[in-house]
Amino acid sequence: IQNLCTQRLYLLHLLRNQGLSQYNLNIVFQALVISRIAYCLPVWGGYMTAEQRGQINAFLKRAYARGFCCNVYSIEELLDVADSRLFMAMHSNTHCLYPILPPPKSGCITIRPRGHEFELIRCNFEFFKRSFLPRCLFKFL
């Protein structure tokens, strides 16, 4: 991903030299770079190491410092947005991933409002804890 995004930064550099405005450069950056990083981020985001997160964050900071985008993005923010967007979409009965959700929790006393009504699943292995569904079930509790 990082090699492809670096190539796209070079393309953005050429576009800026051709006179593309900062506003349009930001739009192209989101379309070419952020979309590539965010593609399937809920699936593979939990398995990134701290070193990989640091590399992507350094790349995004470098893109901001060079003036290719208007905001400083971080991989953690992108992952949170992607996770919440997909998890909230999964709540619909018509969503293709709805059947993998655990059953709704029944017969419980709620002391505080929860982010979802599903039962929490048992996670015995670290590899499974990092996958999308357990990560979201515990994150949006």
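The values are calculated or read from the model by the stated rules, or taken from the named source; none is laboratory data. As the structure is a computational prediction, the values presented were derived from the model and not from experiment. Cβ coordinates were reconstructed from backbone atoms using ideal geometry, including for glycine residues, and neighbour counts include every protein chain displayed. We work out accessible area using only protein heavy atoms, side chains counted, and drop any ligands, DNA or RNA first. Shrake-Rupley method; radii C 1.70, N 1.55, O 1.52, S 1.80 Å.
Helix-only mean residue ellipticity at 222 nm, the chain, DSSP H runs n ≥ 4 weighted -39,500 (n - 2.57), per residue, nearest 500. What is it?
-15500 deg cm²/dmol
Determine the dipole magnitude for the chain: charges of +1 sit on the beta-carbon of Lys and Arg, -1 on that of Asp and Glu, nothing else is charged, the reference point is the Cα centre, and the result goes in debye to the nearest 20.
180 debye
Among the aspartates and glutamates, which fall within straight-line cross-link reach of Lys61, defined as a Cα-Cα distance under 16 Å, with same-chain neighbours fewer than 8 residues apart omitted?
Excluding near neighbours in sequence, the set is Glu51, Glu76, Glu77.
Can you bin the range 11-60 into rounded, prolate or oblate? Criterion: square roots of the alpha carbon gyration tensor eigenvalues sorted a ≥ b ≥ c, rounded for a/c under 1.5, prolate for a/b above b/c, oblate for the rest.
Because a/c hits 1.5 or more and a/b exceeds b/c, the range 11-60 counts as prolate.
Largest first, how would Cys40, Cys123, Cys96 line up by accessible area (1.4 Å probe)?
Ranked list, largest accessible area first: Cys96, Cys40, Cys123.
Can you send over the solvent-accessible area of Val81, 1.4 Å probe, protein chains only, in Å² to the nearest 10?
That residue has around 70 Å² of solvent-accessible surface.
Under 25 Å Cα-Cα from Lys129, which lysines qualify once same-chain neighbours fewer than 8 residues away are excluded?
Output for Lys129: Lys105, Lys139.
Counting other Cβ atoms within 10 Å, which chymotrypsin sites (Phe, Trp or Tyr not before Pro) in the range 17-71 have at most 14 and lie in a DSSP loop?
Those that pass, being in a loop and sparsely packed, are Tyr39.
How much of the accessible area of the chain, in percent, comes from carbon and sulfur atoms when a 1.4 Å probe is used?
Result for the chain: 59 percent of the exposed heavy-atom area is carbon or sulfur.
So if I take the alpha carbon set of the chain, get Rg, then get Rh from the Kirkwood formula, what is the Rg over Rh ratio?
My calculation puts Rg/Rh at 1.09.
At 15 Å minimum axial length over the Cα atoms and a Kyte-Doolittle cut of -0.5, report the qualifying DSSP H helices in the chain, or say none.
Passing helices, by number: 2-17, 75-90.
Considering only protein heavy atoms, what per residue accessible area in square angstrom results for the range 13-52 with a 1.4 angstrom probe?
I get 60 Å² per residue for this part.
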